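The values are calculated or read from the model by the stated rules, or taken from the named source; none is laboratory data. Since the model is a prediction, treat every value here as computed from it, not as a measurement. Here the Cβ positions follow ideal geometry from the backbone for every residue, glycine too, while neighbour counts run over all protein chains shown.
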Amino acid sequence: MHEMSLCEGVLTVLEDSAKTQGFKKVKKVWLEIGVLSGVEHEAMLFSYEVVVRGSVADGSTLEIIELPAQAWCMQCMNEVVITGRGEPCPSCDSYQLQISSGDELRIKEMEVE
Amino acid sequence: MCTVCGCSEGETTIEGAAHSHAHDHEHSHDHAHSHEEHEHHHHDAKTHDYGQGPAHAHAPGLSQSRMVQIEQDILGKNNAYANENRSYFAEHGILALNLVSSPGSGKTTLLTKSLTDLQDELLLSVIEGDQQTANDADRIRETGVKALQINTGKGCHLDAHMVGHAMEPLAPEDKSVLFIENVGNLVCPAAFDLGEAHKVAILSVTEGEDKPLKYPDMFFAADLMILNKIDLLPYLDFDVEKCMAYARRVNPTIKIIQVSATTGEGMEAWYQWIKATHQLAMIGYQPKLEEVAKAKAA
């Protein structure tokens, strides 16, 4: 359940930008979350609702944009898309992969007023 | 999370750290909302009509809603604290190791055995992370090594901020080894950098050999895997080769040491690893001028 801490991290960023950018209410937040980041989407949505209660983002909606994971396959000498750690290359079944993306945990943008 | 210094509200307690501030933030809700008056902007809308109000590009004051691009890392704050810890460790020549495992892998037993065997050769200290009780810190102190308990309350992991706050009361010596025993959990601590040099994952042979595949994030994040309780192998149906292959599948560069903390078998390899990484941590360490002067005078 570290999603709760992650949501607290999101809220901190929202509250900080409310101060610096001068808005009073957050209506919607878009997160970019990589498939290898170890985040459970359902838990994230649930925690978010609880964490933002009574804050500048009270009642706002959270949208999660899932980012794929890419790896360099040393056998194929090619960039491939994988769905999890410990999984083989989808085209040659080799485990010799160098993962290059997929662990993103980013707040992309938000709608405010 | 408290916005004063970023610490989680109420639940976390650090032994000996007089760190408290009131968490009575007031929230007023007296601003007017008028949701019906304007159209909401949707990302998947077929038409983007910027004339109605909210849009990515807008003139200030013309619309109520607006889009703000943030592009910030959610763990940014934790990572900033972790970087502070990392520079603190580097400055003081401290090797910090983050020990992670599931509950019951024999982490504390492995640690007490290591402390007993190493305390004549190395300066040591321990941060103990548990949800509740100071039992483990008490066990550590029985070895004669100083320890500090952090209770995370409902939290499932230590974070860099807690570790940073522990530095003052614990005061690890320069050129020492600091063991951070994380909360027993193979999921959450993987995401939180504490500023440590290495994560060390401890897995016991009484658990499933496929744990590296079940919890790949942790075994990916770890640089060393310790396979504990190998004295029990004759009584178990645990395939060591398979387990090691699984671990290397998620992390091709992971190092693996097989030990039994109770019989002492294999422990020498673990100690060699600690001493070697400790040497690496001390590269670039420069004692403060006043300490050099003090040493010369003595």
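Some notes on this structure:
- All positions within the range B:263-298 that are hydroxyl-bearing (Ser, Thr, Tyr) and modelled with pLDDT of 95 or more: B:Thr263, B:Tyr271, B:Thr277
- Inclusion of A:Glu3 among residues that are acidic (Asp, Glu) and within 7 Å of chain B (Cβ to nearest Cβ) is not warranted.
- Residue within the range B:240-259 that is farther than 24 Å from B:Ala190 by Cβ and touching an Asp or Glu at 6+ places or on another chain (Cβ under 8 Å) present: no
- The condition (being more than 20 Å from B:Arg248 (Cβ to Cβ) and either polar (S, T, N, Q) or within 21 Å of the chain's Cα centre (by Cα) (or both)) is satisfied by just one residue among A:Glu79, A:Glu63: A:Glu63.
- Evaluation of B:Ile230 against (1) more than 23 Å from the chain's Cα centre (by Cα); (2) surrounded by 15 or more Cβ atoms within 10 Å (Cβ to Cβ); (3) within 14 Å of chain A (Cβ to nearest Cβ) (one fails), failing number: (3)
- Looking only at the range A:79-113, and only at residues there that are surrounded by 13 or more Cβ atoms within 10 Å (Cβ to Cβ) and small (Gly, Ala, Ser), the one that is farthest from the other protein chains (Cβ to nearest Cβ): A:Ser101
- Residue ranges of strands (runs of 3 or more DSSP E) in the range B:65-147 with at least 2 members within 14 Å of chain A (Cβ to nearest Cβ) and among the β-branched types (Val, Ile, Thr): B:66-73
Per-residue answers, yes or no, for (1) under 26 Å from the mean Cα position of the chain (by Cα); (2) within 14 Å of chain A (Cβ to nearest Cβ); (3) within 25 Å of B:Ser114 (Cα to Cα):
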| position | (1), (2), (3) |
| --- | --- |
| B:Ile202 | yes, no, yes |
| B:Lys211 | yes, yes, yes |
| B:Gly266 | yes, no, yes |
| B:Glu291 | no, no, no |
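- Considering the range B:72-120, and only residues there that are more than 14 Å from the chain's Cα centre (by Cα) and among the acidic types (Asp, Glu), the residue that is nearest to B:Ile274 (Cα to Cα) turns out to be B:Asp117.
- Residue, nearest to the other protein chains (Cβ to nearest Cβ), within the range A:10-69, restricted to residues that are assigned to a loop (DSSP other than H, G, I, E, B), surrounded by fewer than 17 Cβ atoms within 10 Å (Cβ to Cβ) and on the phi < 0 side of the Ramachandran plot: A:Lys24
- Residue in the range B:252-275 that is hydroxyl-bearing (Ser, Thr, Tyr) and crowded, with 21+ Cβ neighbours inside 10 Å present: yes
- Residue check for B:Phe238: crowded, with 22+ Cβ neighbours inside 10 Å and among the aromatic types (Phe, Trp, Tyr): no
- None of B:Leu110, B:Leu95 is surrounded by 21 or more Cβ atoms within 10 Å (Cβ to Cβ), modelled with pLDDT of 95 or more, within 24 Å of B:Glu168 (Cα to Cα) and among the hydrophobic types (A, V, I, L, M, F, W, C) except B:Leu95.
- Test: residue in the range B:263-276 that is touching a helix residue (DSSP H, G or I) at 6+ places or on another chain (Cβ under 8 Å), over 19 Å from B:Pro103 (Cα atoms), touching a residue at least 60 places away in the same chain (Cβ under 8 Å) and assigned to a loop (DSSP other than H, G, I, E, B): yes
- Selection count, the range B:144-172, where residues are under 13 Å from B:Tyr88 (Cβ atoms) and surrounded by fewer than 22 Cβ atoms within 10 Å (Cβ to Cβ): 6
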